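Engineer: There's a structure below that I have some questions on.
The values are calculated or read from the model by the stated rules, or taken from the named source; none is laboratory data. Fair warning: this is a prediction, and the values are worked out from it, not measured in the lab. Every residue, glycine as well, gets a Cβ built from its backbone with ideal geometry; the counts of neighbours run over all protein chains shown.
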Amino acid sequence: MKEIAIDVPVEPPKELESLFLPIPKEYVEEVYRNDEFLILVGPQHPGSGHMRLIVRVKGDVIQEVIPDPGYVHRAIEKIAETRLYVQNIPLVERPAIMDSANLNLGYVRAIEDGMDLEVPERAKYLRTILAELCRIGTHLYDAAILSVFLGHTTGFMYPFGIRELICESLVKMTGARFTSSFIIPGGVRRDVSKEILDWIYSATFAIEKRLRSFERLFIKNPTVVARLKDVGVLSKKEAIEFGVVGPFLRASGVEYDVRKVEPYEAYDKVDWDIVVADDGDSYSRFLVRVNEVAQSLKIIRQCIAEIPGGKVISDQICEGNDIRGEFFEKLAGIVLPAGEFTTLTEAARGSVIYTIVSDGESNVPYRLRVVTPGWLYLRGFMESLKGERLADLQAIYGSFGYFPPEADR
Amino acid sequence: MDEFLNFIKSGKLAPLKSWGTKWSLWPVHLVTACCGAELAHAFACGYDGERIGALNYGIARQTNLIIVEGAITRKMARVLKITWEQMPDPKFVIVMGACGLNGGVFWNGYNLVRPSEVVPVDFFIPGCPPTPEALLRGIRQLQKKLETGEAESSAYFYDLRLEKGKPPRRLPGVPKKISAAPSIVVNRPRKVDWAFGGELCEKLKVLRVESVAITGKNRIALKVSADKLREVAIELKKMGFDHVKSVNVVDVPGENKFIVEYHISSYSSKELMPVILNVFAEVPRNEAKIDSLSDLFPSADYMEREMQDFFGISFKGNPWKGKFLLAPDTPEFPLRKEFKLQEEIYVGD
């Protein structure tokens, strides 16, 4: 096709100056001189959490996307330096509250790594159940947000209906719908009774049944497939280069799951498979997560069936089996030995990294570095948008399940 | 014009108008933070907020209610104000979550703004996060306010009396112990049972590094000098390490240095997958410059920009200039140790 150029001097609109663009003025002028446009997507947009995408388009084909994150940057790394190790447990799960158990687990494992704490088997199983419940919840949440992006309201209602069962399970187990702070150094806060575990066991079948109708309605819906198929492709090479994580990496054909690569808790004792796809497009990113929900249900059932008895808190922390009432005395004064402790945990959206640097004398961390999955796959997300139509931006955004509060921390 | 406004506000049809507003409170889509998850639950099939006339809508110009969901950061405060200004009158603001009230868990953070300083707030809903029931009750309170013209709190406070005869409970004092002169060593060696680690260390010793130490199972720390960082990174890339998991900076003002760390790992080589190499270099605080690795490992790019914001370290070769994650009015280099946050007051003292 022949391109027609009309030699009309185009000036960037004056409004661009008042929008606090983080890009230099010359860049804006260069874009307009090349007969292209800058489109600002957000910060107020129908997604969950806010960020701005500065999209450079030619016609309606995206040339480049510059992210403008930080709208939900709540300074977790700095605040953590002013609080005790245990006071940071509620803090570190705030970035993504639907995934609280996984974020919580990563931080607590870093402390346990430093203090060489031995966690009892029963606590490990309870942690695994909790982490997998949160994983299912997050994947359902992302599926719902994806359907909002695609303008599919029924597709939003179904996952949130299923999520009510997850919230109910979390309430029964921990007492909170979202932010449970249930995992503490050395184990979990309290034991969970058999009746509650049986309730969760039967709830997994209810979730499975409802997922089948969601599959008929949304996952295999031809309009959804048409919107997502072959859109926003990340090849295996690109995914590795840009350091994409979690289900989005596995959707590009890389067999990497922290739960298999560096097993923690009870993941090496239960039978489950890594879900991998080869296409690397938006639809396979969605399908990988849908299939991961099935794997998570399988893990939860096995854990509940095989859960051993015994204590739920380590002997090194507390003699009894219940830390309630003496939590402050036992845990407020914990001091990590000097050094650096890094743990890798598979949260729902990918690997989350906690690095604690301790000076060996203070009972507050000297430095806590949190890298959440959203922050790691942001670069891959931006690259996958290149060369796509502007109308597909929402579909790709939704397929990544990008959650700014999690990415900005 | 005034006559017309008076007619609308207090004319014969005014009750009809306020009745209409009452049952069509449409919140704009301004999911500012994590409380949005509970908001979504309140409007999904479990709680169905639509039955009381509230429906989330995308565009500010066709809505009349802002539900501020939790934390408002310095960057977001501007957006909140712009959105509020775009909305037609009458408009209302409900703030949900403890962060919106007085900061919540993040009360002493450097990047938080109280929403009540930005827009006039009608109702606060405390909780972290508040349940969907609480949110719907907040909307009901707003409806009652529209009906009666008076804002009423739905919270009920019991009168608490001092118990006599009981000794008062002793509250714990400040439990914090902070070292005055901390010594930071990020490569403290540990003894672990990891055979492959020993082999890998031998291979790494050939590179131009200052020291190699096993700091844990699957964790190796490599100390390099700042000017050799790039050469070592090129060698590591040849060995099969292909992405950066984290870029970290540790500020040590006592020794006048920054420790810049790159956590490098591999996706393509099966046996290197669990290994995380901590390649770190020390740079002086007053001349904080280091070579960027963003062209070798594109995954390090955004994290280098972040560290540039937090510590004021310039990464030579990273094309990004200016702020990335922080707002223009955030304090400069907030993660340096000399920037202090407000300390909490303990009742027991």
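Engineer: Criterion first (more than 13 Å from every other protein chain (Cβ to nearest Cβ) and buried (at least 23 other Cβ atoms within 10 Å of the Cβ)) does B:ILE125 satisfy it?
Structural biologist: yes
Engineer: Looking at the structure I just gave you, is B:TYR267 surrounded by 20 or more Cβ atoms within 10 Å (Cβ to Cβ), assigned to a loop (DSSP other than H, G, I, E, B) and within 12 Å of chain A (Cβ to nearest Cβ)?
Structural biologist: Taking the combined requirement at face value, the residue satisfies it.
Engineer: While we're looking at this one, here's another question. From A:ASP191, A:ASP279, grab the single residue that is more than 14 Å from every other protein chain (Cβ to nearest Cβ) and under 26 Å from A:VAL352 (Cα atoms). Write out each step before concluding.
Structural biologist: Details: A:ASP191 fails: under 26 Å from A:VAL352 (Cα atoms).
When all the criteria are applied, what remains is A:ASP279.
Engineer: When you scan segment A:137-157, how many residues do you find that are more than 8 Å from chain B (Cβ to nearest Cβ), surrounded by 21 or more Cβ atoms within 10 Å (Cβ to Cβ), in contact with a Lys or Arg (Cβ under 8 Å, 6 or more places away or on another chain) and not polar (S, T, N, Q)?
Structural biologist: Selection size over segment A:137-157: 5.
Engineer: From the list A:THR223, A:THR179, exactly one residue is among the hydroxyl-bearing types (Ser, Thr, Tyr), assigned to a helix (DSSP H, G or I) and assigned by TED's automatic domain parsing to the domain that holds A:VAL108. Which is it?
Structural biologist: So the residue among A:THR223, A:THR179 that is among the hydroxyl-bearing types (Ser, Thr, Tyr), assigned to a helix (DSSP H, G or I) and assigned by TED's automatic domain parsing to the domain that holds A:VAL108 is A:THR223.
Engineer: Quick one: how many residues across segment B:202-232 are assigned to a loop (DSSP other than H, G, I, E, B), of a type in the set (D, E, K, R) and crowded, with 17+ Cβ neighbours inside 10 Å?
Structural biologist: 0
Engineer: Let me ask you something else. Would you mind listing the strands (runs of 3 or more DSSP E) fully within segment A:13-74 where at least 2 residues are touching a residue at least 40 places away in the same chain (Cβ under 8 Å) and out of contact with any Lys or Arg (no Cβ under 9 Å at 6 or more places or on another chain)?
Structural biologist: Counting at least 2 such residues, we get A:52-58.
Engineer: Here is a follow-up. Return only the number of the condition from (1) touching a residue at least 12 places away in the same chain (Cβ under 8 Å); (2) closer than 22 Å to A:ALA347 by Cβ; (3) of a type in the set (D, E, K, R); (4) not in a helix (DSSP H, G or I) that A:ASP142 does not satisfy.
Structural biologist: For A:ASP142, the exception is condition (4).
Engineer: For the subset of segment B:42-79 comprising residues that are assigned to a loop (DSSP other than H, G, I, E, B) and without any contact (Cβ under 8 Å) to a residue 12 or more places away in the chain, which member is surrounded by the most Cβ atoms within 10 Å (Cβ to Cβ)?
Structural biologist: Step one: list which residues in segment B:42-79 are assigned to a loop (DSSP other than H, G, I, E, B), which gives B:43-48, B:53-56, B:58-59, B:63-64, B:70-71.
Narrowing further to those that are without any contact (Cβ under 8 Å) to a residue 12 or more places away in the chain: B:44-45, B:48.
Numbers: B:ALA44: 21, B:CYS45: 16, B:ASP48: 13.
By that ranking, first place goes to B:ALA44.
Engineer: Surrounded by 22 or more Cβ atoms within 10 Å (Cβ to Cβ), part of a loop (DSSP other than H, G, I, E, B) and either facing another protein chain (nearest Cβ under 8 Å) or of a type in the set (Asp, Glu) (or both): is that true of B:CYS34 in this structure? Reasoning before the result, please.
Structural biologist: On the way: surrounded by 22 or more Cβ atoms within 10 Å (Cβ to Cβ): yes; part of a loop (DSSP other than H, G, I, E, B): yes; either facing another protein chain (nearest Cβ under 8 Å) or of a type in the set (Asp, Glu) (or both): yes.
Yes, satisfied.
Engineer: Which residue is surrounded by the most Cβ atoms within 10 Å (Cβ to Cβ), if the candidates are limited to segment B:1-31 and must be modelled with pLDDT under 85 and within 19 Å of A:PRO404 (Cα to Cα)?
Structural biologist: Checked segment B:1-31; the qualifying residue surrounded by the most Cβ atoms within 10 Å (Cβ to Cβ) is B:VAL31.
Engineer: Okay, moving on. Taking B:VAL247, is it within 12 Å of another protein chain (Cβ to nearest Cβ) and either buried (at least 22 other Cβ atoms within 10 Å of the Cβ) or modelled with pLDDT of 85 or more (or both)? Step through it out loud before you land on a result.
Structural biologist: Numbers: within 12 Å of another protein chain (Cβ to nearest Cβ): yes; either buried (at least 22 other Cβ atoms within 10 Å of the Cβ) or modelled with pLDDT of 85 or more (or both): yes.
The answer is yes for B:VAL247.
Conditions tested, residue by residue: (1) assigned to a helix (DSSP H, G or I); (2) crowded, with 24+ Cβ neighbours inside 10 Å; (3) in contact (Cβ under 8 Å) with a residue 12 or more places away in the chain.
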| position | (1), (2), (3) |
| --- | --- |
| A:VAL352 | no, yes, yes |
| A:TRP375 | yes, yes, yes |
| A:ARG379 | yes, no, yes |
| A:MET382 | yes, no, yes |
| A:GLN394 | yes, no, yes |
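Engineer: Which residue out of B:GLU69, B:GLU85, B:GLU50 is in contact with a Leu (Cβ under 6 Å, 6 or more places away or on another chain) and modelled with pLDDT under 90?
Structural biologist: On inspection, the qualifying residue turns out to be B:GLU69.
Engineer: Next question, about the same structure. When residues of segment B:306-343 are filtered for being part of a helix (DSSP H, G or I), closer than 22 Å to B:VAL224 by Cβ and among the charged types (D, E, K, R), how many remain?
Structural biologist: Selection size over segment B:306-343: 1.
Engineer: Additional query: Going through segment A:236-253 one residue at a time, which ones are surrounded by 20 or more Cβ atoms within 10 Å (Cβ to Cβ) and part of a loop (DSSP other than H, G, I, E, B)?
Structural biologist: A:PHE242, A:GLY243, A:VAL244, A:VAL245, A:ALA251, A:SER252
Engineer: Pick from A:VAL293, A:VAL270: which is assigned by TED's automatic domain parsing to the domain that holds A:TYR201 and part of a loop (DSSP other than H, G, I, E, B)?
Structural biologist: That would be A:VAL270, the only listed residue that is assigned by TED's automatic domain parsing to the domain that holds A:TYR201 and part of a loop (DSSP other than H, G, I, E, B).
Engineer: Can you name the condition, by its number, that B:VAL192 falls short on among (1) within 20 Å of B:GLU271 (Cα to Cα); (2) part of a loop (DSSP other than H, G, I, E, B); (3) out of contact with any Lys or Arg (no Cβ under 9 Å at 6 or more places or on another chain); (4) of a type outside the set (D, E, K, R)?
Structural biologist: (3)
Engineer: Can you report the number of residues in segment B:279-295 which are within 14 Å of chain A (Cβ to nearest Cβ), part of a loop (DSSP other than H, G, I, E, B) and crowded, with 20+ Cβ neighbours inside 10 Å?
Structural biologist: Of the residues in that region, 2 qualify.
Engineer: What do you reckon, is B:PRO328 in contact with a Leu (Cβ under 8 Å, 6 or more places away or on another chain) and not assigned by TED's automatic domain parsing to the domain that holds B:PHE241?
Structural biologist: On the way: in contact with a Leu (Cβ under 8 Å, 6 or more places away or on another chain): no; not assigned by TED's automatic domain parsing to the domain that holds B:PHE241: yes.
It is false that B:PRO328 is in contact with a Leu (Cβ under 8 Å, 6 or more places away or on another chain) and not assigned by TED's automatic domain parsing to the domain that holds B:PHE241.
Engineer: Could you tell me which numbered condition B:TYR110 fails, if it satisfies all but one of (1) over 14 Å from B:GLY70 (Cβ atoms); (2) more than 19 Å from the chain's Cα centre (by Cα)?
Structural biologist: The failed condition is (2).
Engineer: If a residue must be more than 7 Å from chain B (Cβ to nearest Cβ) and outside any helix (DSSP H, G or I), how many such residues does segment A:329-340 contain?
Structural biologist: Of the residues in that region, 4 qualify.
Results for (1) within 28 Å of B:PHE106 (Cβ to Cβ); (2) in a helix (DSSP H, G or I); (3) more than 13 Å from every other protein chain (Cβ to nearest Cβ); (4) of a type in the set (Phe, Trp, Tyr), shown as yes or no for each residue.
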residue	(1), (2), (3), (4)
A:ARG301	no, yes, yes, no
A:GLY310	no, no, yes, no
A:ILE323	yes, no, yes, no
A:ILE356	yes, no, no, no
A:VAL364	yes, no, no, no
A:ARG369	yes, no, no, no
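Engineer: Something else about it: From the list B:GLU235, B:GLU255, B:GLU261, which residue is within 11 Å of chain A (Cβ to nearest Cβ) and either touching a residue at least 24 places away in the same chain (Cβ under 8 Å) or surrounded by fewer than 23 Cβ atoms within 10 Å (Cβ to Cβ) (or both)?
Structural biologist: Unique residue meeting the criteria: B:GLU261.
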